[in-house]
1. In whole percent, what relative contact order does segment 108-264 give with Cα contacts below 8 Å and a gap of six or more residues?
2. Could you give the dipole magnitude of segment 426-494 about its Cα centre, charging the beta-carbon of Lys and Arg +1 and that of Asp and Glu -1, in debye to the nearest 20?
3. Output the peptides 61-67, 125-131 sorted from most to least packed, where packing is the average of other Cβ atoms within 10 Å over each peptide's residues.
4. Would you compute the Debye intensity of segment 262-301 from its alpha-carbon atoms alone, equal scatterers and no solvent, and pass along log10 I(q)/I(0) at q = 0.14, 0.19 Å⁻¹ to two decimals?
5. Once you sort the root eigenvalues of the Cα gyration tensor of segment 367-509 as a ≥ b ≥ c, which label holds: rounded (a/c under 1.5), prolate (a/b larger than b/c) or oblate (the other case)?
6. Under a cut-off of 28 Å between alpha-carbon atoms, report the lysines in cross-link reach of residue 252, not counting same-chain residues fewer than 8 places apart.
7. Dipole size in debye (nearest 20) for segment 123-279 around its Cα centre, Lys and Arg Cβ +1, Asp and Glu Cβ -1?
8. Quick one: what are the phi-derived ³J(HN,Hα) couplings along segment 110-122, Karplus 6.51/-1.76/1.60 with θ = phi - 60°, whole Hz, x for glycine and proline?
Amino acid sequence: MLKSKNPYPVIFAVVLLAALSGGASGQQSTTPPSPRDDGTLAGLTAIAGQGMMQSEAYTNLEYLSDSIGPRLTGSPGAKEAVRWGLDRMKAIGVENVHAEPYEMWSGWTRGPATAAILSPARHSLTIASMGWVGSTPEGGVTADVIPVNLYQIDREMQDNASKWAGKILVMVAKGEAPKDRMESFVKFGKFLDAAYAAHAVAVIGGQGGELAAGMNITHTGILGLAAYYRIPVVSMTREDQEQLERFIDQDKTVRVRINVQNQVTDGPVECANVVGEIRGTQFPEQIVVVGAHLDSWDLAEGSTDNGVGAVCVLEAARAIIASGYKPRRTIRFVLYTGEEQGLLGSLAYCKRHKAEMPNHVAALTLDNGQGPVVDLELGGREDLIPAVEQFTKAIKAFGDITVNDAAVFDTDSGPFILQGLPGINMGQNSPDYKYTHHSPVDTFDKVKPDLLERDATVMALTAYWIADRPERLAIPWPPERTARMLTRQKKDKMLKDFGLWPFGNQGEP
Ligand SMILES: [Zn+2]
């Protein structure tokens with residue numbers, strides 16, 4: 001049974017009239033309505049009760065982590081996760097549940113990766129292959145290790161590539177770090193092609209060539225957007241890499257045996273997003289997307305990246321449906337895959353639903369580990385901050401959640417920002433994420449049930465408020481305005497480097 005709302009149309013008319021008439025004093029009332037004024041409070045209250053008292057998020061995360069496990073896009077684990085996601089959505093009562101297929105440029109499967117220092121002292125090394133990279137010759141290779149300064153990568157490619165043949169290259173960080181991490185990420189990709197062309201046999205360096213976080217942990221990851229590098233590249237624990245660097249700094253010749261065996265398909269593989277809806281009652285054509293990536297890396301169970309986000313999406317759907325309140329606009333729940341390979345699933349979603357984009361209102365994403373939600377990053381839409389702050393004030397029981405207009409491209413909010421929409425990233429305070437991120441310790445035990453249930457409830461409340469508030473929160477910005485905003489936020493160069501900039505020379509000062 002649909003729960004009835006308070007006599008809203010009358011209030012709306014009064015407010016509209018006041019706004020249109022500029023109020024008695026002709027002053028525009030600029031304070032946006034809060035949930036206490038706009039009729040969404042009753043629904044939010046019921047959803048908060050569902051989310052905090054009857055949550056299924058932790059149980060779902062346990063199953064996703066322990067029974068399905070690693071979900072590398074294109075792998076059997078990812079396919080099983082998609083089936084599970086479809087079943088969960090149907091079981092919860094979500095409508096129009098279906099898979100939306102898309103193609104990924106190639107599939108990749110991890111094989112064994114081992115390494116050891118042979119001289120100046122024998123020492124086994126803990127490594128893990130990065131994703132979508134090549135292999136050493138069968139059985140491995142033994143070679144001298146030489147350093148390459150990540151902070152001087154252009155000069156290294158120019159002056160030292162001739163010395164790299166038959167060598168293992170270890171990334172070191174000497175001198176002043178480049179300010180733009182995304183730029184050095186892009187440059188590292190170019191370096192890997194140069195290293196392969198120079199017949200280096202392997203590279204030791206993580207995402208963007210960076211050092212691991214420590215605690216004897218490796219971190220895998222992709223090295224370019226939809227990119228495959230033929231040279232084997234491995235993440236090494238910080239402890240082992242610093243040991244190796246100390247020998248090099250002592251001008252000792254370091255000889256290492258390394259064996260990396262991976263497989264890559266020679267053609268595209270089919271993947272899919274899981275999609276379902278709660279149809280809106282008044283504006284069903286208007287769509288609020290609530291999404292997170294279901295895919296993970298494969299060194300562990302992917303509980304914090306991004307099992308947390310995936311089960312929060314499912315729980316948001318469950319809590320809203322179980323509350324009995326139906327929003328005015330459609331809420332579309334999406335479990336993306338391909339995020340770790342370069343936002344492939346969310347890019348595919350935006351491409352497939354291009355015609356519907358003018359009817360999209362916002363896209364909510366959660367993908368920052370296991371910590372509590374601490375801010376809502378509105379994807380450049382500073383115009384929406386006052387309205388959204390009215391909402392976060394109303395849910396302050398869930399913490400002091402701040403609002404800003406950061407445009408985040410580290411996860412699936414990015415493709416929606418390119419559409420001029422509030423691609424909202426739910427920022428989380430996750431101090432331990434640097435250890436679990438893409439690592440062998442990304443396991444179920446790292447997630448606290450109370451934080452998980454709270455995050456899922458905040459996601460449900462945010463989605464419901466945007467979908468049910470009388471006034472449409474946002475319409476997509478025209479490309480020119482989005483381009484200007486991204487240029488102002490200094491995202492334009494990174495997007496151009498990744499081939500994601502759709503605005504031509506719009507936005508240039
Ligand atoms: Zn993630």
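1. On the way: 365 pairs, mean separation 65.4, N = 157.
The normalised contact order for segment 108-264 reaches 42 percent.
2. Values: 12 positive and 10 negative charges, 116 e Å.
Here segment 426-494 has a charge dipole of around 560 debye.
3. On the way: 61-67: 18.7, 125-131: 23.4.
Going by the mean number of other Cβ atoms within 10 Å, highest first, we get 125-131, 61-67.
4. Log10 of I(q)/I(0), two decimals: -0.60, -0.81.
5. oblate
6. 163, 167, 174
7. On the way: 15 positive and 19 negative charges, 27 e Å.
With only Lys, Arg, Asp and Glu charged at Cβ, the dipole is about 140 debye.
8. Ordered by residue, 3J(HN,Hα) equals 6, x, x, 9, 9, 7, 7, 7, 9, 8, x, 8, 6 Hz.
The values are calculated or read from the model by the stated rules, or taken from the named source; none is laboratory data. The structure presented is a predicted model; accordingly, all values stated were derived computationally and were not measured. Please note: Cβ atoms are built from the backbone with ideal geometry, for glycine as well, and neighbour counts cover all protein chains shown. Heads up: the accessible areas ignore ligands, DNA and RNA and are worked out on the full protein's heavy atoms, side chains in. Shrake-Rupley method; radii C 1.70, N 1.55, O 1.52, S 1.80 Å.
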